[in-house]
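See below for the structure under consideration.
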Amino acid sequence: MDEKGYVLSGVGMLLLIPLMIMIPIALSLQEEGSQIPGTFVKSDVVFRTFDSIRNDIEEKTSRFADNLYNKTYRYDEASLFAGNLSNLNNNISENIYKDAYRYVVDSVEVKRNNYPMTPNIGNESGYIPFSNGIQVTYTYDGRTQDNQTNIIYYRYRITITANVTIDVIKSNTRHKEAYEYSFVTLIFINTTATDNTTAETNVRNFFNNLNQAIGG
C-alpha cells in the first residue's frame, strides 16, 4: 500500500512558526494566570492593613492636637504635660498594631524614622522626641495678661508630628512606606505671677521640670 504524506511548502512552514512560538507562551500565561487572583487578594489585604494603621495614627494624633488646643498648664504642671505626650506615644505603639493584625497578615512593623533622639528644651523653643515616632517642637508665640487678676500667661505654638515607617507583609506581598503627618496646636503656661521677673522664672522652671520628666 502506498504511504501518503503531506509536505509543507516553504510558505506553509513560515505560517506555522508563529503558532509554534505562541503555544508555550499561552500555556505559561495560563499557569501564571491561575495565581493572579491569590496575589491580588494578598496585595489588597496588605494595603488595607497599611492604610488602616496609617489612618489610626493620623486620627489619634489629630484628636490629641485638638484636645490640647488652648489648654493651660500651670508652671508647676510640667510632668502633666509630659505625661500627656507620653500617652500619645504609647497609643501608637508598634505592639498595638502587631496584636491587632496578627491573624490578618504575617508581619507588621511600625518604626520611628531617623531623626534626632536627644531632646533640646529651652524657654523660647525646643524639640521633644519620643520612642515610637512622635516628635514635638514648640516655639514661644507671645504672652497675655489677665485683665482681672493681672496673671501673666505665656503662649506656645506646638507642632506634633508622627514620623514612622509602616511595613506590612503577607506571604510574598509587602507594602513598606514612610509616613509623616503634623498637626499644629497651642498651649498656655499660667505663670501664677503678675510681675515679669517672677513670670520668666516660673516659665523657666516649667521647661526645666519638663526636661527632667522626659528624661532629657
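The values are calculated or read from the model by the stated rules, or taken from the named source; none is laboratory data. Just so we're clear, the structure is a prediction, and the values are computed from it rather than from any experiment. Positions of Cβ are backbone-derived with ideal geometry, glycine not excepted, and every protein chain shown enters the neighbour counts. Protein only, heavy atoms only, side chains kept; ligands, DNA and RNA dropped before computing areas. Shrake-Rupley method; radii C 1.70, N 1.55, O 1.52, S 1.80 Å.
Table for the structure above
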item: Residue match in the range 80-90 (condition: surrounded by fewer than 14 Cβ atoms within 10 Å (Cβ to Cβ), more than 21 Å from Tyr181 (Cα to Cα) and among the polar types (S, T, N, Q)); result: no
item: Condition check for Tyr73: part of a strand (DSSP E or B) and either open to solvent by 60 Å² or more (accessible area, probe 1.4 Å) or of a type outside the set (S, T, N, Q) (or both); result: yes
item: Selection from the range 171-216 of residues that are of a type in the set (Val, Ile, Thr), open to solvent by 60 Å² or more (accessible area, probe 1.4 Å) and either closer than 30 Å to Val104 by Cα or touching a residue at least 24 places away in the same chain (Cβ under 8 Å) (or both); result: Val184, Thr192, Thr194
item: Criterion violated by Glu124 - all others in (1) of a type in the set (Asp, Glu); (2) open to solvent by 20 Å² or more (accessible area, probe 1.4 Å); (3) under 28 Å from Asn95 (Cβ atoms) satisfied; result: (3)
item: Residue check for Ser79: closer than 18 Å to Leu210 by Cα and in contact with a helix residue (DSSP H, G or I) (Cβ under 7 Å, 6 or more places away or on another chain); result: yes
item: Total residues in the range 46-59, condition in contact with a helix residue (DSSP H, G or I) (Cβ under 9 Å, 6 or more places away or on another chain) and open to solvent by 40 Å² or more (accessible area, probe 1.4 Å); result: 2
item: Residue that is least open to solvent (accessible area, probe 1.4 Å) [pool: residues in the range 129-154 that are under 23 Å from Ser182 (Cα atoms) and outside any strand (DSSP E or B)]; result: Gly133
item: Test for Val168: is it open to solvent by less than 20 Å² (accessible area, probe 1.4 Å), modelled with pLDDT under 95, part of a strand (DSSP E or B) and among the β-branched types (Val, Ile, Thr); result: no
